[in-house]
Every structure is written in C-alpha cells, then in structure tokens.
Amino acid sequence: MSIDDLLIEAQEAQQQIWLIRALNVAERTNATVTVRLSLTPDLFVQIFLSERSGRFSLALIGPAGRLYGRDREHGVWHRHPFEQPDHHEPTSEGMSPQPIHQFMAEVEQILLENDLI
C-alpha cells in the first residue's frame, strides 16, 4: 500500500463509517504518513505507514494509551489484543485489501462489546 492509497482509503472510511468524526493527517513526509481518525473526544485511531520499511500500524488509542492494535513489521503481522494491549500476539492472517475498513470493523465490535460508545 502506498501513502496515497492509504489516504484515499482513510477519506473513504471517514465518509462511510459512522464512528469517524474527523480525519487529520498528523504528519506526512515523502516516505511516511500518520493519520488520526477521531471517534470520540477520548478515542481515536492512529494509522502509520512507512513506504520505505513497509511498517504499517493501526491502533485504537484512549486516554491511557493504546487499547488495541495491529502492526506489520518486517512483513509479519501481529496484534495487540484489547485485553492486553502491550502484548504482541502473532497472527497468521494479514489484513484485507482495505485495512482501514477492516480495522474499523474490529474497533466498532470492541467498542460496542465493552460499552465504550
């Protein structure tokens, strides 16, 4: 995925997913981008992509830090489970061709199941 592809999907997600209140490109260079999708005053999703290293991170962030996440480092995906967000749980599956939409579906389920929205 390229930076431009990620930004297009983020904009589409903002228009299509009811949870997303605002989109902010927090930082962009020639090789990296950090995007924040605001959900509530206390919750947001942060997305980071480095085209150079291939690192791709998606994280649900609350007042105390990361609540849930998925990362690709060195071509391998792992997850930070909601119950233990500091834990690295290897996953055999990667992400769909629309990783932001997939991640937001996971976030929606977590937030609803845990009465966070």
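Please report, in debye to the nearest 20, how large the charge dipole of the chain is about its Cα centre when each Lys and Arg carries +1 at its beta carbon and each Asp and Glu carries -1 there. In debye, rounded to 20, the chain gives about 340.
Between ALA31 and GLU106, the simple label model (points 7 Å from Cα in the Cβ direction) yields a spacing of 2.6 nm. Looking at the chain, the accessible area is 56 square angstrom per residue; that uses a 1.4 Å probe and ignores ligands, DNA and RNA.
Starting from the Cα-Cα distance between GLN98 and ARG52, subtract it from 0.36 nm times their residue separation and give me the gain in nm to one decimal.
Numbers: separation 46, 0.36 × 46 = 16.56 nm, distance 2.01 nm.
Separation in residues times 0.36 nm, less the Cα-Cα distance, equals 14.6 nm.
Restriction of the trypsin sites (Lys or Arg not before Pro) in segment 8-58 to DSSP coil positions whose beta-carbon has at most 11 other beta-carbons within 10 angstrom yields ARG52.
Per residue and in Å³, how big is the convex hull formed by the alpha-carbon atoms of segment 14-81? List each step's numbers first, then the result.
On the way: hull volume 6.7 nm³, N = 68.
It comes to 98 Å³ per residue, whole-number rounded.
Between GLN15 and SER2, the distance separating the two model label sites (each 7 Å from Cα on the Cα→Cβ line) works out to 1.9 nm.
Here the average projected area of the convex hull drawn through the C-alpha atoms of the chain stands at 6.9 nm².
The values are calculated or read from the model by the stated rules, or taken from the named source; none is laboratory data. Treat the numbers as computed from the prediction; the structure is a model and nothing was measured. Cβ coordinates were reconstructed from backbone atoms using ideal geometry, including for glycine residues, and neighbour counts include every protein chain displayed. We work out accessible area using only protein heavy atoms, side chains counted, and drop any ligands, DNA or RNA first. Shrake-Rupley method; radii C 1.70, N 1.55, O 1.52, S 1.80 Å.
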